[in-house]
1. Considering every residue within the range 1-18, establish whether at least one is more than 11 Å from Phe109 (Cβ to Cβ), surrounded by fewer than 17 Cβ atoms within 10 Å (Cβ to Cβ), in contact with a Gly (Cβ under 9 Å, 6 or more places away or on another chain) and touching a residue at least 40 places away in the same chain (Cβ under 8 Å).
2. Can Thr85 be described as among the hydroxyl-bearing types (Ser, Thr, Tyr) and either more than 26 Å from Gly10 (Cα to Cα) or modelled with pLDDT under 95 (or both)?
3. Return the total of residues in the range 49-82 being within 26 Å of Tyr8 (Cα to Cα) and without any contact (Cβ under 8 Å) to a residue 60 or more places away in the chain.
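The values are calculated or read from the model by the stated rules, or taken from the named source; none is laboratory data. Worth saying up front: this structure is predicted, and the values here are computed from it rather than measured. Glycine also receives a Cβ, built like all others from the backbone with ideal geometry; neighbour counts cover every protein chain displayed.
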Amino acid sequence: MSVGLFKYDGDIYEENSEVILSENISSEPFYERYWEKAIKELGIKYIKDGAEFDHTKLGVVMEELDLLKSWAITNLQGENQKYMTARIEHLEKVIPSSFISEQDILYIF
């Protein structure tokens, strides 16, 4: 299993809604070991499992990604640091470009 970022072509709760964006954030074991620790320490609200956000939260979301990247650089080493910072840098590019309309909502699960 893994934790990912998703966008749907309508309401996520509608039966006919389809995934139009699916980006891996982390493997579940890595997420549980490192991301959850960082999220708790930093008080992250949107870049975490179970969150959803729209374009009005973009500024906060980008700040959270910056905090998470700084945490990874400070607290991880080697391949773990490379993996987490690479995933965050990818999200920094993907998230802003994912908001095509004001109705778009991104989900993390």
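1. no
2. Values: among the hydroxyl-bearing types (Ser, Thr, Tyr): yes; either more than 26 Å from Gly10 (Cα to Cα) or modelled with pLDDT under 95 (or both): yes.
Yes; evaluated as a whole, the condition is true for this residue.
3. Restricting attention to the range 49-82, the residues satisfying the condition of being within 26 Å of Tyr8 (Cα to Cα) are 49-66, 68.
If we keep only those that are without any contact (Cβ under 8 Å) to a residue 60 or more places away in the chain too, we end up with 50-66, 68.
The total comes to 18.
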